[in-house]
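So the structure is just underneath, and the comments pick up after that.
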Amino acid sequence: MREFWVRLVSMLAIVGVLLVYNSVLDVRAKEDEIARLSAQVAGNGQSDSENGGSTNYKDGTYTGEADGFGGTIQVEVKIEKSKIAEINVISAEKEDGAYLSMAKDMIPKIIDAQSADIDTISGATFSSTGIKNASEQALEKAVK
């Protein structure tokens, strides 16, 4: 009977730790979202010269490539009205599909930030670094 109680208490402790860990992750996600929205609100109404000219790109389509998890990732960055309008992965032949799929979540973040200077995706670090670095390379070609 003692063994039953020890196992029950151990199981409850594990469940409690998992619940606390999950709530910490939720709080962090909410704080990140609040920080992103605050930065976005603070950035509204500023011209390119007021925010350091970080969106001062030449209109056109530019390509860049960098190493990912399984090989080279090639992206195409479209600039319209001096801003990043679209980013597409045009080649990633040797990338693992699951990692690449997670890494593609970076693309909207790069467009929102109008810069490739963002954090990588946890769980797809190498693939997301490949997309980030390839986008950076393309954006370097687009700088006025």
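Give me the accessible area of residue 9, 1.4 Å probe, in Å² rounded to the nearest 10.
Answer for residue 9: close to 90 Å² accessible.
For the chain, set up a GNM with springs between Cα atoms under 10 Å and report which of 67, 26, 112 has the largest fluctuation.
Judging by the Gaussian network model, the answer is 26.
So for 127, 38, 91, what's the accessible-area order with a 1.4 Å probe, most first? Numbers along the way, then the final one.
Details: 127 0, 38 70, 91 35 Å².
In descending accessible area the options line up as 38, 91, 127.
With springs only between Cα atoms under 10 Å apart, run a GNM on the chain and tell me which of 99, 57, 21 wobbles the most.
21
Can you tell me the accessible area per residue over the chain, all protein chains present, probe 1.4 angstrom, in square angstrom? Please report the intermediate quantities before stating the final value.
Working: 9560 Å² over 144 residues.
Averaged over the residues of the chain, the accessible area is 66 Å².
Can you tell which of 66, 13, 124 shows the greatest fluctuation in a Gaussian network model of the chain with Cα springs below 10 Å?
13
Give me the percent of accessible area attributable to carbon and sulfur for the chain, probe 1.4 angstrom.
Numbers: 5230 of 9560 Å².
Taking all protein chains in place, the chain shows 55 percent carbon and sulfur surface.
For residue 101 and residue 35, what is the calculated FRET efficiency with R₀ set at 30 Å and r taken between the beta-carbons, to the nearest 0.05? Don't jump to the answer; show the numbers that get you there.
Working: r = 26 Å, r/R0 = 0.85.
The computed FRET efficiency comes out at 0.70.
Anything over 27 Å Cα to Cα? Flag those among 30/94; 81/132; 81/104; 30/141, in the order listed.
Values: 30/94 35 Å; 81/132 22 Å; 81/104 24 Å; 30/141 35 Å.
Those over the limit are 30/94; 30/141.
Can you give the Rg to Rh ratio for the chain, taking only C-alpha atoms and Rh from Kirkwood? Present the calculation step by step, with values, prior to reporting the outcome.
Numbers: Rg = 20.9 Å, Rh = 17.5 Å.
On the Cα set of the chain, Rg over Rh gives 1.19.
On a straight-distance basis, which aspartates and glutamates could pair with residue 58 in a cross-link, Cα separation under 17 angstrom, same-chain partners fewer than 8 positions away excluded?
48, 76, 80, 86, 136, 140
The values are calculated or read from the model by the stated rules, or taken from the named source; none is laboratory data. A quick note: this is a predicted structure, and the numbers were derived from the prediction, not measured. We place every Cβ from the backbone using ideal geometry, glycine too, and count neighbours over all the protein chains shown. Quick note on the areas: whole protein, heavy atoms, side chains included, nothing else; ligands and nucleic acids left out. Shrake-Rupley method; radii C 1.70, N 1.55, O 1.52, S 1.80 Å.
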